[in-house]
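Just so you know, all these numbers are worked out from the coordinates, no wet-lab data involved. Just so we're clear, the structure is a prediction, and the values are computed from it rather than from any experiment. Positions of Cβ are backbone-derived with ideal geometry, glycine not excepted, and every protein chain shown enters the neighbour counts.
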Amino acid sequence: MGNANNPMKHPDPAAVGSLLRHVLELLDGDVAKVYEEQGLAEYRPRFSPVVRALLAEGPLSVRDLAAATGVTHSAASQTAAQMARAGLVTHSPDPLDARRRLIGLTPKARALVPRIEAEWEATAAAMAELDEELSMPLGRLLREVAQAVGRRPFRERVAAAYRARGGGLES
């Protein structure tokens, strides 16, 4: 696809999903490089929402962590597993329900919080600068997209468009 110095030359305007993934790769890739330059090579940008949620709420089940971070149960579970491999979270039995496991920050993760918070502040400032170059703030646009798809799922929109063109896709 390319990198920040060589963006996609001819993105297909109809391939919105590919473009969204490309933009996310550019943003996350550069933030990951900042972490690496700061000596935090094992830390990934996708860990930040988990760290924020666990700092704010304490140990959480995967389901509660998914809800707190706005991702699927599967994504929260995968991220927690990656973080456990990096020594950043633990999985321990829930004292109220032995069937559930709670995810909590390790002392290693807590020791990194000041450095991670400094990066969060720098990222927010960089995002504000980027937003100034855009016709509308990226976060605002993405929230609008999420709300619109929440009102009418994209699958329904695709099915309706398909039917309007004489196709047989069921909704």
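Of note:
- Taking the chain and dividing mean pair separation by its residue count, relative contact order in percent (alpha carbons under 8 Å, at least six apart): 12
- Simple Cβ-charge dipole of segment 16-133, Lys/Arg +1 and Asp/Glu -1, about Cα centre, in debye nearest 20: 860
- The local environment of A128, defined by Cβ-Cβ distances under 14 Å, has a net charge of -4 under the rule Lys, Arg +1 and Asp, Glu -1.
- Length gained when the stretch A81-R115 is fully extended (0.36 nm per residue, less Cα-Cα span): 10.0 nm
- Cα gyration tensor category, rounded, prolate or oblate, for the chain with a/c compared to 1.5: oblate
- For segment 16-133, the residue among A86, P49, A128 whose Cα projects farthest onto the positive side of the dipole built from Cβ charges is A86.
- V89 long-range amide H proximity, modeled H, under 5 Å: A84, T106
- Environment charge at R152 (Cβ cut-off 15 Å; Lys +1, Arg +1, Asp -1, Glu -1): +2
- FRET efficiency for the A148 to A98 pair, using the beta carbon distance and R₀ = 30 Å, is estimated at 0.10.
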